[in-house]
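Undergrad: Take this structure, written in structure tokens, and hold onto it; I'll ask about it next.
Read-outs throughout are calculated quantities, based only on the coordinates presented, and are distinct from any laboratory measurement. Only a predicted model underlies this, so the values are computations on that prediction, with no experimental measurement involved. In this analysis, Cβ positions are derived from the backbone assuming ideal geometry, glycine residues included, and neighbour counts consider all displayed protein chains.
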Amino acid sequence: MKKALITGITGQDGSYLAEFLLEKGYEVHGIKRRASLFNTQRIDHVYEDVHATNKQLYLHYGDLTDTSNLTRIIQEVQPDEVYNLGAQSHVAVSFEAPEYTADVDAMGTLRLLEAIRFLGMEEKTRFYQASTSELYGLVQETPQTERTPFHPRSPYAVAKLYSYWITVNYREAYGMYACNGILFNHESPRRGETFVTRKITRGLANIALGLEQCLYMGNIDALRDWGHAKDYVKMQWLMLQQDAPDDFVIATGKQYSVRQFIEWSAAELGVAIRFEGDGVDEIGIVAEIEGDKASALSVGDVIVRIDPRYFRPAEVETLLGDPTKAKEKLGWVPETTTQEMCAEMVAADYTSARRSLLLKEHGLELPLSLEL
Ligand code: NDP
Ligand code: GDR
């Protein structure tokens with residue numbers, strides 16, 4: 001039985017990857033952070049009682065800032081594959097916490113690679129680094145390939161640039177099987193609530209049922225290449241199953257605006273919206289209600305407003321990936337279109353909004369977190 005160690009197992013990708021590897025028969029180990037509240041919601045459905053025998057999934061307390069902890073876990077687990085998905089992954093937050101972001105997203109990667117080397121496991125353990133399309137930042141060519149030059153535009157992206165190169169360096173210097181997956185944005189119903197797609201699907205579902213009044217957005221003209229996280233974790237695994245290590249762009253090859261994602265989401269909810277004005281004054285107005293879903297709205301309600309607090313000090317305006325190398329060498333094509341993924345996310349958030357509404361109607365209202 002192969003053993004895998006996943007940092008960031010409690011996150012969006014970590015949860016899908018854990019499911020995927022468990023189905024493949026792996027013994028899966030994950031690093032979770034100590035938190036004052038439960039933080040394993042995304043993996044609870046695959047987790048077994050700690051007292052069970054023949055377990056396949058094990059969780060270890062740890063942190064990417066803690067060298068001795070990481071070294072001890074790797075020594076104990078003796079993983080065949082390490083997937084480094086753990087990160088302070090929010091670009092806007094990285095401007096507010098740049099040093100912490102560098103410690104986790106850059107130094108964390110070095111700590112893992114050094115632990116593998118220090119323990120003499122360079123030949124045994126394969127390493128996957130969660131690199132990102134944010135490396136391209138101020139893009140030098142479109143679409144972006146494995147050869148497009150990088151120009152990171154945030155403390156997050158600069159930290160990830162270090163991780164990209166230290167992964168390449170350990171491959172070249174020590175012959176380690178170490179790969180970078182340069183993944184473009186990927187989303188799902190498990191996406192964190194503060195990333196733009198989930199903020200939209202969750203916000204509009206709540207608005208449609210009267211649980212919120214208005215969605216406040218930043219730059220809705222940003223263009224992204226959005227895929228489905230469930231499709232993308234397969235690629236992370238495939239990259240570690242090749243004869244030789246390499247770096248791959250993973251993307252759909254299609255690009256849409258945040259504005260388009262809002263329009264799709266509203267349409268899924270039976271709300272046709274019209275955008276009015278430009279930039280900061282831009283607003284979305286409910287022009288028409290279809291079906292019975294958007295029960296709490298009236299024609300003419302303003303449901304989207306632009307709030308400059310969500311603008312970033314330096315923005316990545318456009319990203320579009322060229323996944324040709326992954327298609328040719330890994331035999332991969334994305335299975336879910338962006339619009340299908342949007343519909344899945346809206347459906348999940350609508351179900352959860354209905355649950356909240358039901359509780360509210362029975363006097364069991366839970367506070368909605370609006371700090372997005
Ligand atoms: P999430 O934000 O959903 O998950 C991040 C994970 O990292 C969580 O499990 C989090 O733990 C953990 N983590 C955060 N800080 C630390 C720390 N100091 N020590 C240990 N673990 C920590 O991200 P995604 O699942 O979306 O992304 C996975 C990886 O892929 C990240 O590295 C991200 O930067 C990268 N990436 C993501 C893309 C995307 O579109 N999703 C695209 C390209 C790259 P906790 O649950 O406790 O917060
Ligand atoms: P990104 O994702 O920065 O691309 O990083 P995010 O969903 O946060 O933003 C995408 C684009 O939408 C614009 N935007 C807003 N973003 C947020 N979060 N909230 C808003 O209100 C809002 N309004 C407009 C942003 O300005 C941006 O242009 C994600 C993360 O998962 C990274 O970890 C990963 O590396 C990259 O994707 C690829």
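Undergrad: Can you give me the long-range amide H partners of Tyr216? Hydrogens built in the peptide plane at 1.01 Å from N, cutoff under 5 Å, separation of 5 or more residues or another chain.
TA: Arg305
Undergrad: Give me Leu269, Leu183 sorted ascending by neighbouring Cβ count inside 10 Å, so fewest comes first.
TA: Sorted ascending by nearby Cβ count, the order is Leu183, Leu269.
Undergrad: Here is a further query. Counting only C-alpha contacts under 8 Å and six or more residues apart, can you give the relative contact order of region 3-183 as a whole percent?
TA: Relative contact order comes out at 21 percent.
Undergrad: Using the Kirkwood radius over Cα pairs, work out the Stokes-Einstein diffusion coefficient for region 75-146 at 25 °C and 0.890 mPa s, in µm²/s as a whole number.
TA: Reported coefficient: 173 µm²/s.
Undergrad: Something else about it: If you place +1 on the Cβ of every Lys and Arg and -1 on the Cβ of every Asp and Glu, how big does the dipole about the Cα centre of the chain come out, in debye to the nearest 20?
TA: In debye, rounded to 20, the chain gives about 780.
Undergrad: Hey, another quick one. List every residue whose amide H lies under 5 Å from the amide H of Arg126, counting only residues 5 or more places away in sequence or on a different chain, with H placed 1.01 Å from N in the peptide plane.
TA: HN-HN under 5 Å from Arg126: Glu81, Val82.
Undergrad: Also, I was wondering about something else. Among Ile182, Tyr170, Thr338, whose Cα lies farthest out toward the positive end of the dipole of the chain, if unit charges sit on the beta carbon of Lys, Arg (+1) and Asp, Glu (-1)?
TA: Tyr170
Undergrad: I would also like to ask the following. Dipole of region 3-183 (Lys/Arg Cβ +1, Asp/Glu Cβ -1, origin at the Cα centre): which of Tyr156, Tyr47, Leu110 lies farthest to the positive side?
TA: Leu110
Undergrad: Next question. Computed on alpha carbon atoms, what radius of gyration and Dmax characterise the chain, expressed in Å?
TA: 21.2, 66
Undergrad: When the Karplus curve 6.51 cos²θ - 1.76 cosθ + 1.60 is applied with θ = phi - 60°, which whole-Hz ³J(HN,Hα) does each residue of region 127-132 get, with x for Gly and Pro?
TA: Per residue, the Karplus-derived 3J(HN,Hα) values read 10, 10, 10, 6, 7, 8 Hz.
Undergrad: For region 298-355 and region 201-271, what is the centre-to-centre distance using only Cα atoms, to the nearest Å?
TA: Value for the Cα centre distance between the two parts: 2 Å.
Undergrad: To the nearest 20 debye, what charge dipole does region 95-247 have about its Cα centre, counting +1 at the Cβ of each Lys and Arg and -1 at the Cβ of each Asp and Glu?
TA: 400
Undergrad: Same structure again: Using helices alone, I'd like the mean residue ellipticity at 222 nm for the chain: each DSSP H run of four-plus residues gives -39500 (n - 2.57), total over residue count, nearest 500.
TA: Per the formula, -11000 deg cm²/dmol.
Undergrad: Taking the chain as a Gaussian network, where each spring joins two C-alpha atoms under 10 Å apart, which residue of Asn169, Asn180, Asn219 fluctuates the most?
TA: Maximum fluctuation in the GNM of the chain, among the listed residues, is at Asn169.
Undergrad: In vacuum, with every alpha carbon of region 3-183 counted as one equal point scatterer, what does the Debye formula give for log10 I(q)/I(0) at q = 0.17 Å⁻¹? Two decimals, please.
TA: Those come out to -1.10, one per q.
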